[in-house]
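Input: a single structure, listed below in structure tokens.
FYI, it's all coordinate maths here, none of it is from the lab. Just so you know, these numbers come straight off a predicted model, no measurement behind them. So basically every Cβ, Gly included, is an ideal-geometry build from the backbone, and we count neighbours across all protein chains shown.
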Amino acid sequence: MAGTTVPAGEGGYTSLPASATTQERMRYLEDQEELHQGIGTNAIYVWQLPVRLTHWAIVISIVILAVTGAYIHGPFMVPSSPIEASTLMAQIRFIHELSAIVFTIAIGVRFYWGFVGNQYANWRAIIPHNRSQFRCMREMGKYYLFLRSAPVPMTGHNLLAGLAYTLISAVLFFQVATGMILFGWLIDTGPAAWLTTVVAWIPGNIQTVRMLHFLSTFIFIAFMIHHVYSAILVDIEERNGVMTSIFTGFKNIRPESTVDDLGLCNPPNDAQVPASGADVPKA
């Protein structure tokens, strides 16, 4: 990392030596945050097209699935005629199932892209799995708890958001699984019929599956509210185009001013992080 430069104020630039430890790099970057705020003059391509397409496919399908699922669970505005009511329910179910197909495909594509996409889409950059990543996640937690004045500057997802995406991904797969079981139970024919055998192992049988599938929807709704709030907050704080990046793929940011570019959240060798956590002198 020799020659890596970070703005040091209006007077010019300073550099970090190649021998700097992870703690020293993080401390140095934190000292500079108030000066540069990660803002650059060149757009950096962060979110690839498959990431953006699957993101919006999942968002739109969740909204449709939530509305149609609520109707299936407890019909509202039911027509007075039983025939019309039955026809409407069939139409709602069809829309729900069609949206579920889009939802499932989008999740599958995004999961696959986590292995073949760029460094910002890769699962290793999203799922916290080493000490330095957990440190970045802890620092971001301090920001949300008002114990830190600025968010941890990262080009891609911050690690606390990565943990949230990891947990919500587990719920996504659970929702797909319970939805497929309900679909198999409904049609009771063809390849989906074998899924009904799983129901016998579940206490409460199909009613439990239906209730868990319905309640999981509220987890998505709560996550979406927090997700939008956090995205707007960080966009205002960092002023680097977080909100527009999910449409364009680009962020207005200096890569050399972010912790992931400096190797602070995913260093080549985690052993360079002092085990004692003791303070180190500033660079």
Taking the radius of gyration and the Kirkwood hydrodynamic radius from Cα positions alone, what is the Rg/Rh ratio for region 118-252, to two decimal places? 1.11
Rank these for me by crowding, W47, W56, going from fewest to most other beta carbons within 10 Å. W56, W47
